[in-house]
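Data block below; observations after.
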Amino acid sequence: MRCCRLLIATLFAFIVLPLYAQKAPEPGCTLEKTDYYQCNGDAFHHLLAVSKNIRVDTGRMDSFGRRQMVKLVGDLGKKLVAPEQRPDLVFELAWIDRSGRIDFGPGDVAVACLNIYDPSRGQGERGLVWVETLTGQQDLPWPSMVTQLLQQFQRHVAGA
């Protein structure tokens, strides 16, 4: 009887406990092809849900993009923090510079992106946890790009 209990305890320790000890999926992104990333959506949605403070980074002269990003942060129910404060996430709005690239055909290309970083994971690419890329025509006006990109992001967030 004692041998049976020992066997059951051993099986429990090596089979059942590791199943409970599994961590939540790690957030992060990998470059799929030029300008397009594949990110761990489940981990990002969890990270977004627990984040409270967001910093917004836009171009210095991009007042329209900044206003739209501030509105997005409010719509998500998050608090906007100043650049000198410690954010949980950083939302960066960027135009994709296509100068020097040759695009063949009438197809759409990556024109703008919303990069989201987790500063606790490190700087630059290491901290990247989500990339929302807008695909469209290069001659689309910037305000249209921003509006479409942020609507696309909100659909992806709401669809989770």
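The values are calculated or read from the model by the stated rules, or taken from the named source; none is laboratory data. Remember, predicted model here, so these are calculated numbers, not experimental data. Note that we place each Cβ from the backbone using ideal geometry, even for glycine, and neighbour counts take in every protein chain shown. Quick note on the areas: whole protein, heavy atoms, side chains included, nothing else; ligands and nucleic acids left out. Shrake-Rupley method; radii C 1.70, N 1.55, O 1.52, S 1.80 Å.
Structure values in brief
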{"read-out": "The stretch 126-160 - residue that is free of Cβ contacts under 8 Å to residues at least 40 places away in the same chain and out of contact with any strand residue (DSSP E or B) (no Cβ under 8 Å at 6 or more places or on another chain) and, of those, least open to solvent (accessible area, probe 1.4 Å)", "value": "Ser144"}
{"read-out": "Test result for Ala49, open to solvent by 60 Å² or more (accessible area, probe 1.4 Å), in a helix (DSSP H, G or I) and within 20 Å of Gln154 (Cβ to Cβ)", "value": "yes"}
{"read-out": "Unique residue being open to solvent by 50 Å² or more (accessible area, probe 1.4 Å), at pLDDT below 95 and farther than 17 Å from Ile116 by Cα when the list is Tyr37, Tyr20", "value": "Tyr20"}
{"read-out": "Residue in the stretch 58-97 that is nearest to Val157 (Cα to Cα), counting only those that are surrounded by 16 or more Cβ atoms within 10 Å (Cβ to Cβ), more than 12 Å from the chain's Cα centre (by Cα) and among the charged types (D, E, K, R)", "value": "Lys78"}
